[in-house]
Amino acid sequence: MDVSSIIAPLNDAQRLAVSAPEQAMLVLAGAGSGKTRVLVHRIAWHIKINHLSPQHILAVTFTNKAANEMRGRVEALLNISARSMWIGTFHGLAHRLLRQHAKQAKLPDNFQVMDSDDQLRIVKRLLKAMNVDDSKWPPKQVQWFINAQKEEGIRARHMAETGDFYHRQMLAVYKAYEELCDRSGLVDFAELLLRAHELLRDNADLLNFYRQRFQQVHVDEFQDTNTIQYAWLRLLTEGNNNLFVVGDDDQSIYGWRGAKIENIFAFQKHYPQHQVVRLEQNYRSTGHILKAANTLIANNDARMGKELWTEAGEGHAISLYSAFNEQDEAYFVVEKIRQWIKDGGLRSDAAILYRSNAQSRQFEERLMTTGTPYRVYGGLRFFERMEIKNALAYLRLASHHDDDASFERVVNTPTRGIGAKTLDDMRLLARELNLSLWQASERMLAENRLPPRASSALKGFIQLILQLGAETGGLDLHETVKHVVERSGLIELYKKEKQDKGETRVENLEELVNAARLFDYDSQNDENLSELDMFLTHAALEAGDMQAEVDEDCVQLMTLHSAKGLEFKLVFMVGMEEGLFPSQQATDDPGRLQEERRLCYVGITRAMEQLYLTHAESRRLYGKDNYPAPSRFLREIPPETLQEIRMRANISRPVAGSNAGKSSLGQKSGKYRLGQSVRHEKFGEGVVLQTEGDGEQERVQINFRNAGIKWLMLAYAKLDSV
Ligand code: ATP
Ligand code: MG
């Protein structure tokens, strides 16, 4: 292997960044310009040219999937093993640090990571125990408050007990929450980061050790780091000037979760010796796509200013499709994908990107009906499903009795007659005496505080958990999982559930056993942890990717947020509607609107060859009918890059329901009837075909002689009878 394989596949600006002397570096560049490629080659450069051992390299990526890919690419470039390189997400790396130094981090050796669902449960329980009115302090808001503080590095004890009552109450809950987590050895996602920061900050020896170990630190997607993540990077690198970051201010899309674009400015201040490299050539997309992205994002202000160009030709125009409703939209998209496959395209080169997870269902149904394999990323991910979480809770509890979140989850699943009163008493006792729920139940039983029925039910539960622990000692991971799933009574419970749902749940539990069998303990890279604990952590941290083992060629479905960093030949951005994208909350908030626009920029720039934008004229979402206007972002795309696709006549559309049929528009308004001739000021003469909706939402479908069939909102359409 010679140097040229590292340098040859790069342009001049990329080479400059890859081969720069060791110093702080900021590669600031738009989408598809090769930032991630630069990062990979920079790491290879250090190993090959600077003879750095992989263990001296730290790299932070945005997802675990990206981390695995990056490791693979470095290994392929150099033909070596990069196992000893620390590479992962901020959360993954923080977790690894905390495991290795649990004591210094003031955590029990067997601390458990909980996901946001578990966190919410605990918050709810606390509000109840503290008698806090959850209509004034909604659990989700409290959860958000706690996480927001942690992301800024603020502990409850740092906060002044001043301010209004609302604030003081929040603070009190935050405090109680911290106590409870400490007591039960639970660590939420934000806590991972905060504690990893405190660990290094407060332990000079440890910090020194890691500062020497990580001689080069690399960060992808730097624009989406939050305060505490950046503070952690600074601890490791400041003064050494060995921080290499790549990012794009136009792709900052996690502001709502505490990410700070300002970190880019802060970097320039904190690392005065840094160099900036800008990349301007885009290698990903064809001309029309790139032009659309450039023009759209120019509507944002306070940009760092970048223009991208491409050598690729203009390529296909971007297609715009106005669907009748969300089913029609799904029908259209899936037809286009089927055509793509028929023409020899790979399914995995096609992606459907949406703003909100709730949109995926229509596409899934259509893909299923047509027998097209697909995979949904994110959403209700495997490890987040109720039955899986219940099984995991049994597993956790069997090995960590003080895990309150798990205790709460399964103490009465399946129901075993432990009443609400018993549980409330238990929670109260736990809170008063600073005990875990497990300890509180033991005490209640020992002191005979319960009526006989409740007492025997609780005893049964405690016995079961103890037995699970004893029976699985020495078993392989998948045998342990299998045993716990069966003995816990979950399988039986779901078998009794109605039809498909129960069946799917049972299948999922079987899949969990399978996942345990396939679980690659070695790749998790952790010396100090049992296989079961590694598996449980994996489940909490990486909810989505367990099905990644399946190598089938699948259509890719995901939110725009999770598409960051990826690329696909064929991309559909669906639901381009006001109120959905941009989201409702963003429409009256200029800051959020700009973030939505960046998200749109991210979406457009995922496409390599073909991009479809779709919106529906009517959409049922969260149980309500909406008639949204097309997204403003569609208007911000230059018309010369767009081509409109006409509504297809062969799509079966829902005819107005029999009710609507009877009370047709003509009868309701007394103005029009089916078959009646009307005139529209723009479309000319036509005939009323059908109507639907009521009041403001009343719509009428008209066959215009010259303009074809159209649906019009009666409230806006200027129609005259002829
Ligand atoms: P994003 O901002 O979306 O994360 P990025 O800047 O990280 O994009 P990459 O994903 O690294 O961009 O690169 C985009 C595509 O261009 C990839 O397919 C990559 O292999 C290709 N590419 C990058 N640089 C070059 C180059 N010099 N020659 C040929 N192809 C390149
Ligand atoms: Mg990238």
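Taken together, the values in this text are just the output of simple stated rules run on the coordinates, not laboratory data. Nothing here was measured: the structure is a model prediction, and the numbers come from that model. All Cβ positions, glycine included, derive from the backbone under ideal geometry; neighbour counts span all protein chains shown.
So how much slack lies between Lys175 and Glu497, counting 0.36 nm per residue of separation and subtracting their Cα-Cα distance, in nm? Walk me through the numbers on the way to the answer.
Values: separation 322, 0.36 × 322 = 115.92 nm, distance 4.00 nm.
That pair, Lys175 and Glu497, stretches by 111.9 nm at full extension.
Please compute the modelled spin-label separation between Ala298 and Leu235, points set 7 Å along Cα→Cβ, answer in nm with one decimal. My value for the distance between the label points is 4.5 nm. Rg/Rh, computed from the Cα trace of the chain with Rh as the Kirkwood radius, has the value 1.00.
In this label model, Glu280 and Asn514 are separated by 5.2 nm, measuring between points 7 Å along each Cα→Cβ vector.
Let me know the Kirkwood hydrodynamic radius for the stretch 112-184, please, with Cα pairs as the basis and the value in Å to one decimal.
12.4
Given a Förster radius of 56 Å and the C-beta distance between Ala446 and His51 as r, what FRET efficiency does 1/(1 + (r/R0)^6) yield to the nearest 0.05? Working shown, then result.
Details: r = 63 Å, r/R0 = 1.13.
My answer for the efficiency is 0.30.
Among the helices of the chain (complete DSSP H runs), which have Cα atoms covering no less than 27 Å along the helix axis and a Kyte-Doolittle mean of at least -0.5?
Details: long enough: 165-184 (28 Å, -0.61); 452-472 (30 Å, 0.42); 499-518 (29 Å, -0.93).
Helices meeting the criterion: 452-472.
Listed peptides 267-275, 41-49 appear in the order 41-49, 267-275 once ranked by packing, highest mean of other Cβ atoms within 10 Å at the front.
Each part gets one Cα centre, and for the stretch 554-620 versus the stretch 136-161 those centres are 31 Å apart.
Mind checking the full-extension length gain between Ala358 and Leu689? Use 0.36 nm per residue of separation minus the Cα-Cα distance, one decimal, nm. Provide the component values of the computation, followed by the final result.
Working: separation 331, 0.36 × 331 = 119.16 nm, distance 3.19 nm.
Additional length available on full extension: 116.0 nm.
Computed over the Cα atoms of the stretch 2-161, pair by distinct pair, the Kirkwood hydrodynamic radius stands at 19.3 angstrom.
Could you work out [θ]222 nm for the chain from helices alone, using -39500 (n - 2.57) per DSSP H run of at least four and dividing by all its residues? Round to the nearest 500 deg cm²/dmol.
Numbers: 29 runs with 328 residues, N = 722.
Value at 222 nm, helices only: -14000 deg cm²/dmol.
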